[in-house]
1. Determine the pairs where a residue that is over 17 Å from ILE52 (Cα atoms), located within region 93-114, has a partner that is small (Gly, Ala, Ser) and modelled with pLDDT of 95 or more with Cβ atoms under 6 Å apart, the partner being 6 or more residues away or on another chain.
2. Could you count how many residues in region 71-116 are farther than 21 Å from MET36 by Cβ and in contact with a helix residue (DSSP H, G or I) (Cβ under 6 Å, 6 or more places away or on another chain)?
3. Which of the strands (runs of 3 or more DSSP E) contained wholly in region 9-118 include at least 1 residues that are modelled with pLDDT of 80 or more, exposed (fewer than 11 other Cβ atoms within 10 Å of the Cβ) and under 20 Å from the mean Cα position of the chain (by Cα)?
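The values are calculated or read from the model by the stated rules, or taken from the named source; none is laboratory data. All of these numbers come straight from a predicted model, not from anything done at the bench. All Cβ positions, even for glycine, are placed from backbone atoms using ideal geometry, and neighbour counts span all protein chains on display.
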Amino acid sequence: MGLMSKILGGGQSRTTEDYVELDLDDVSTEADGAAMRVHVAEIGDQQSAIEIKDAVYDGDVVIADITRLRTSDSTSELVVDELRQVAREVDGDIVQKGDDQIIITPTGVQVSREKLGR
């Protein structure tokens with residue numbers, strides 16, 4: 001009998017009474033006082049890039065929607081260059097996904113350039 005079969009009781013059917021709802025407030029995922037989070041952001045100007053930079057410096061991943069940045073606008077180049085610099089400084093990664101998203105990661109987190117499920 002496999003581990004999951006032992007856990008699930010050898011294939012017996014279960015009802016909702018067999019499960020306990022966990023209170024996530026009591027669960028700690030923090031290691032050494034720091035938990036990585038994934039933030040979703042929208043970049044419209046340089047000000048919004050500041051919060052993104054702070055999050056990456058704090059060790060978080062940011063997925064940023066860049067559709068509000070005009071591609072012809074010099075602000076968009078400046079913002080993207082600032083985010084590249086942050087990724088470089090923290091030894092993280094930055095990648096553009098399509099025309100509308102940028103993913104910026106902190107130290108030690110790399111974004112694979114290969115798609116899963118081909």
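1. Close Cβ pairs (under 6 Å, with a partner that is small (Gly, Ala, Ser) and modelled with pLDDT of 95 or more) do not exist here.
2. 2
3. Numbers: elements: 38-42, 61-65, 93-97, 101-105.
By residue number, 38-42.
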